[in-house]
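One structure is given here, and the rest of the page talks about it.
Quick note: the coordinates plus some simple rules give every number you see, no bench work behind them. All values reported here derive from a predicted model rather than from experimental measurement. In this analysis, Cβ positions are derived from the backbone assuming ideal geometry, glycine residues included, and neighbour counts consider all displayed protein chains.
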Amino acid sequence: MMMMMEGICRPVRDTWDQAMDRCYRLFPCLSDPARRSSLGLKLALVTLHLVYAGILFLFDGDLIEKTKSEPWYTALYLLLFFATLVQYFITSGSSPGYVIDAMRAVTEKIPIIQKTPVTSKQPASSKNGSLVITVDGSQLERNLLGNNATSWSKLVMDMYPPGTSARNWTCPYCNVEQPPRAKHCHDCDKCVLQFDHHCVWLGTCIGQGNHCRFWWYICEETALCLWTGILYITYLKANISRAWWKDAIMIVLLITLSISLIFLLLLLLFHSYLILTNQTTYELVRRRRIPYLRGIPERVYPFSKGICRNLYGFCCVRSSIFIKESLPTPQEIEEKSRPYTCYDVVTCRCC
């Protein structure tokens with residue numbers, strides 16, 4: 001009996017393996033388990049959006065009538081719906097700002113390659129203790145060894161207090177020198193500038209390069225979730241006793257939508273707080289484990305430049321700029337630890 005079952009299952013297994021091999025040849029990205037999982041999550045998220053919006057338009061006849069009389073209302077809702085999905089894919093496909101890219105920019109003395117064959121060079125500049133490196137166009141692939149790596153090491157060394165051991169800022173996985181606020185992501189297997197967290201739903205890290213896009217995505221997703229919840233409640237008020245099975249489906253979806261809305265609101269408020277204080281999730285959660293943050297008081301934000309400048313740096317600085325912030329000096333820490341006075345409020349010290 002076992003031999004017979006084995007004889008039946010073997011051709012099925014071989015046929016399945018051949019079909020999967022053809023699929024992997026047609027779509028090479030599916031051969032990688034990590035990318036396959038990421039694509040599955042993206043498909044699941046898009047499907048959830050379509051289910052919530054589709055059932056609403058399928059069940060709610062009043063919404064269809066309102067669309068005929070006031071098409072702008074539904075048009076705005078659908079615009080937000082598609083804008084949220086577009087922002088999701090833009091954020092998931094954006095680079096968080098890898099240390100190796102910033103290292104290339106510095107060690108190559110920032111060659112700027114335009115779409116035309118003309119190549120120009122721009123030196124790195126330092127302002128207010130932060131190294132700002134502007135990178136326009138695509139990066140040139142070169143070797144990072146020798147004197148080039150030494151120039152990067154010197155830049156990173158200058159960002160740390162004198163006497164700090166090189167082992168404290170050298171990544172044991174990438175073997176590159178990490179500037180302050182950088183961290184190695186084990187999921188991406190790269191060091192990320194201003195590492196915040198690795199987002200499973202997006203399939204990428206959130207860091208200096210895409211934190212602003214991530215915040216806008218959360219904001220749009222929260223607005224869409226809130227608007228959809230209002231439409232669900234409006235439907236239930238008008239049609240609560242017409243068809244029980246429709247009401248049951250709508251109530252279940254509304255409960256899950258409410259849970260998602262609470263989570264999104266908390267996430268939006270949390271990241272807004274991080275932006276205003278120039279912190280990251282990793283720095284806030286693991287503050288006592290980060291060597292250069294251990295001696296700083298809990299209520300002191302060492303990298304904060306004031307609310308207005310924090311917002312400007314977060315929203316207005318282009319993603320093609322790598323900013324590596326030096327650690328604050330003891331005098332700056334002492335100044336930031338000083339309690340606020342009425343004079344500080346009048347002079348907008350917090351800004």
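Maximal additional length on extending the VAL285-ILE55 stretch stands at 78.9 nm, based on 0.36 nm per residue less the C-alpha distance. Computed across segment 169-210, the Kirkwood radius stands at 10.4 Å (inverse of mean 1/r, all Cα pairs). Amide H to amide H distances under 5 Å link THR170 with GLN178, where only residues 5 or more positions off or on other chains count and H is placed in the peptide plane.
Among the trypsin sites (Lys or Arg not before Pro) within segment 212-287, those in coil by DSSP and having at most 12 neighbouring Cβ atoms inside 10 Å are ARG242, ARG286. Extension gain, VAL252 to LYS305, is 14.5 nm, computed as 0.36 nm per intervening residue step minus the present C-alpha separation. Other residues whose C-beta falls under 12 angstrom from the C-beta of LEU274 contribute a net charge of -2, scoring Lys and Arg +1 and Asp and Glu -1.
Between TYR160, LEU261, HIS184, the Cα set farthest toward the positive side of the dipole of segment 145-277 (charges on each charged residue's Cβ, about the Cα centre) is that of LEU261. VAL200 sits among other residues whose Cβ lies under 13 Å from its own Cβ, and their net charge, with Lys and Arg +1 and Asp and Glu -1, is 0. Backbone phi angles across segment 55-60, fed through the Karplus curve with coefficients 6.51, -1.76 and 1.60 (θ = phi - 60°), yield HN-Hα couplings of 5, 4, 6, 6, 8, 8 Hz in residue order; Gly and Pro are listed as x. One equal scatterer on each Cα of segment 256-312, no solvent, Debye formula: the resulting log10 I(q)/I(0) at q = 0.14, 0.25 Å⁻¹ is -0.48, -0.98. Each Lys and Arg adds +1 at its Cβ and each Asp and Glu adds -1 at its Cβ; summed about the Cα centre, segment 202-343 shows a dipole of about 160 debye. Largest first, the three principal axis extents of the alpha carbons in segment 210-321 are 63, 30, 21 Å in whole numbers.
Suppose R0 equals 25 Å; then what is the FRET efficiency for GLN331 and PHE270 from their Cβ-Cβ distance, rounded to the nearest 0.05? The value I calculate is 0.20. The charge dipole of segment 172-260, taken about the Cα centre with unit charges on the Cβ atoms of Lys, Arg (+1) and Asp, Glu (-1), comes to about 320 debye, rounded to the nearest 20. Placing R0 at 41 angstrom, the Cβ-Cβ distance between ILE262 and ARG294 gives a FRET efficiency of 0.75 after rounding to 0.05. Can you tell me the FRET efficiency between CYS315 and SER37 if r is taken as the Cβ-Cβ distance and R0 is 35 Å, rounded to the nearest 0.05? Once rounded, the FRET efficiency stands at 0.65.
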